[in-house]
1. List, please: which pairs have Cβ atoms under 9 Å, are six or more places apart or on different chains, and start with a residue in segment 185-199 that is of a type in the set (A, V, I, L, M, F, W, C) and end with one that is open to solvent by 100 Å² or more (accessible area, probe 1.4 Å)?
2. Is at least one residue of segment 216-225 out of contact with any strand residue (DSSP E or B) (no Cβ under 7 Å at 6 or more places or on another chain) and in the same structural domain as Ala135 (by the TED database)?
3. How many residues are β-branched (Val, Ile, Thr), open to solvent by less than 20 Å² (accessible area, probe 1.4 Å), outside any strand (DSSP E or B) and within 24 Å of His221 (Cα to Cα) when one looks only at segment 292-327?
4. Can Phe2 be described as open to solvent by 40 Å² or more (accessible area, probe 1.4 Å) and in contact with a helix residue (DSSP H, G or I) (Cβ under 9 Å, 6 or more places away or on another chain)?
5. Exactly one of (1) modelled with pLDDT of 90 or more; (2) open to solvent by 80 Å² or more (accessible area, probe 1.4 Å); (3) over 30 Å from Trp142 (Cβ atoms) is unmet by Ser19. Its number?
6. Going through Val244, Val276 one at a time, which residue ends up being in a strand (DSSP E or B) and assigned by the TED database to the domain that holds Leu141?
7. Of the conditions (1) of a type in the set (S, T, N, Q); (2) over 30 Å from Thr366 (Cβ atoms); (3) in contact (Cβ under 8 Å) with a residue 60 or more places away in the chain, Ser208 clears all except one; give me its number.
8. So which residues in segment 82-114 are over 28 Å from His283 (Cα atoms), free of Cβ contacts under 8 Å to residues at least 60 places away in the same chain and open to solvent by less than 70 Å² (accessible area, probe 1.4 Å)?
Amino acid sequence: IFSDVYNGTVTFLPLEENSEGDYQVKKCNIYQIQLTHIKDEEWSVSIVAPFPEDWFSDGIAYPKLAWLGNELLSKLAKWSVEQKPSEFKSTLSLISVAKYSKVYQDLKEKYKEMVKVWPEVTDPEKFVYEDVAIAAYLLILWEEERKEKGLTGKQSFVDLGCGNGLLVHILNNEGHSGRGIDVRRRKIWDMYGPETRLEESTIMPGDSHLFPDTDWLIGNHSDELTPWIPVIAARSSYSCCYFVLPCCFFDFHGKYSRRQSKKTQYREYLDFVAQVGFVCGFHVEEDCLRIPSTKRVCLIGKNRTYPPTECALIDKQITQYINNRQTCAVVTCDRRVGFKPKDQSDVVCKEAGSELPENETDTAGTIWMPGFQPREKVEQIRNCASLPQDFVDDVVLNVANLLLNATPQKSCSNMCGGNMDTWNQGESLSLKEVAEHLNKETLKRLKSEYGGLQTLLKNNHQVFEVLNGRVHIRDWRKEKPSKKTKPEVKRRLSAEAFKTRLCWFFIHHPDGCSLPSESCPYAHGTEELRQSRVIKKKKHI
């Protein structure tokens with residue numbers, strides 16, 4: 001990276017290593033960010049790529065030119081003028097960045113092969129490097145804790161809601177004894193070997209899930225367990241610490257409900273989880289991780305605010321706090337959360353107007369909240385893929401008509417061989433504006449799916465393009481063909497275009513499809529449909 005402050009430019013020269021170990025400049029992907037003074041307080045920022053026609057994009061190290069121009073550029077302009085202070089701490093504020101960088105690079109090199117053999121349906125690039133980054137952070141954090149507290153042995157841990165188990169695998173390999181627990185076993189668990197301890201079990205916050213011999217509890221995207229982890233740590237032992245990386249918003253008894261409108265929902269939820277830690281008697285520290293995720297703020301409790309003699313007092317404080325968080329449908333007495341003070345031993349707990357059965361007395365003493373709902377063992381598909389097709393089709397048609405009618409419909413008199421200069425591209429609307437035009441029942445159904453309306457529209461990428469929170473009708477004339485070299489077996493069959501889906505525009509758009517039939521990747525009528533064939537690759541022995 002070459003920074004020329006005087007001329008207001010920063011030039012990025014990608015270097016690639018060849019087989020001999022020498023580095024060469026990848027000329028086709030050079031780009032430059034320029035800052036230009038127009039007049040007075042007016043400035044402009046631009047991105048220049050000298051060789052746009054040869055630009056290579058892999059979506060990881062090399063972004064698409066459209067992303068640089070449409071998304072990065074607008075963000076640079078926005079960040080340059082906004083003055084609001086950040087809601088979050090600076091990245092890696094609690095550890096040495098230099099140490100972290102070295103450990104991260106070492107771990108990345110050590111575990112990069114995991115990307116190639118990843119058996120899960122999740123994105124290996126994201127999950128492998130995210131867990132490597134979290135592991136690097138914890139290793140540095142724990143190393144510094146050993147120096148602070150004069151500890152000789154490496155810390156033990158339990159990862160609650162460990163998911164794919166990769167974080168547990170890395171920490172075990174790096175010398176920390178520990179295990180991961182999750183309600184659902186993953187395919188990748190079998191690849192780690194017996195030295196990586198992973199257990200398939202449901203965790204119910206209560207006396208049976210305490211970890212008195214464990215140094216650290218980890219909650220990495222632990223969902224419904226997230227607010228409980230400081231509580232479990234506090235009640236496990238006076239020396240037990242915790243690390244949580246909150247993602248989905250859960251309270252003690254279910255989904256988290258917003259209470260303030262002045263903060264973002266994410267900031268408000270982080271403050272809630274931090275408050276739980278304070279109530280549990282921890283000095284709660286916050287840091288921002290360097291991971292490929294929008295939810296990258298972690299909360300750490302490694303020191304207590306009270307002496308060991310006050311444990312009973314803190315227990316009572318925790319009980320009262322959890323009771324106060326419960327909804328009005330749940331009774332608020334100490335026995336509901338597993339604590340029975342002597343002066344309230346004769347209190348009868350009621351829920352929804354009925355007495356707690358006698359045989360549940362013991363259960364109420366061990367489970368801190370009987371109404372707690374753990375994650376289901378069988379994962380539900382909620383990415384809009386399981387919605388009925390007629391429902392999806394109706395939403396797609398409604399949104400498309402909304403965009404097309406948002407601007408005066410143009411005539412298509414200049415139609416020539418399917419290429420329409422006046423083809424109606426419609427208007428772009430924000431996701432909020434689109435949602436406002438859908439009925440309540442449709443929105444309610446979409447909200448039960450992860451990603452909601454945005455996911456449904458992105459799933460229907462033949463029709464829509466969603467950029468920077470705005471919805472556009474996709475114009476296939478602007479779509480550039482991929483420059484990636486096709487495998488030989490696909491090149492041989494390129495003459496036979498397998499059109500297995502009908503063109504939405506040919507059927508529904510008032511001007512038809514913007515492309516002629518021979519150029520469109522979708523079928524213009526049922527007569528063009530081909531039955532997809534499975535291409536068998538030759539086995540080389």
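The values are calculated or read from the model by the stated rules, or taken from the named source; none is laboratory data. In this text, all values refer to a predicted model and were calculated from it rather than measured experimentally. Cβ: placed from backbone, ideal geometry, glycine included. Neighbour counts: every protein chain shown. Just so you know, the surface numbers come from the protein's heavy atoms only, side chains and all, with ligands and any DNA or RNA stripped out. Shrake-Rupley method; radii C 1.70, N 1.55, O 1.52, S 1.80 Å.
1. Going by the 9 Å Cβ cut-off, the qualifying pairs are Leu198/Arg185.
2. Our first condition is that a residue be out of contact with any strand residue (DSSP E or B) (no Cβ under 7 Å at 6 or more places or on another chain); within segment 216-225, this holds for none.
No, because not a single residue in segment 216-225 is out of contact with any strand residue (DSSP E or B) (no Cβ under 7 Å at 6 or more places or on another chain) and in the same structural domain as Ala135 (by the TED database).
3. Kept after step one, since they are β-branched (Val, Ile, Thr), are these residues of segment 292-327: 294, 297, 300, 305, 309, 314, 318-319, 322, 327.
With open to solvent by less than 20 Å² (accessible area, probe 1.4 Å) added as a condition, the list becomes 297, 300, 314, 318-319, 322.
The next check asks that each one be outside any strand (DSSP E or B); those that pass are 314, 318-319, 322.
Subsequent filtering for residues that are within 24 Å of His221 (Cα to Cα) retains 318, 322.
Total meeting the criteria: 2.
4. Numbers: open to solvent by 40 Å² or more (accessible area, probe 1.4 Å): yes; in contact with a helix residue (DSSP H, G or I) (Cβ under 9 Å, 6 or more places away or on another chain): no.
In short, no.
5. The number of the failed condition is (1).
6. Val244
7. Result: Ser208 passes all but (2).
8. Once the filter is applied, which keeps residues that are over 28 Å from His283 (Cα atoms), free of Cβ contacts under 8 Å to residues at least 60 places away in the same chain and open to solvent by less than 70 Å² (accessible area, probe 1.4 Å), segment 82-114 yields Lys108, Tyr111, Met114.
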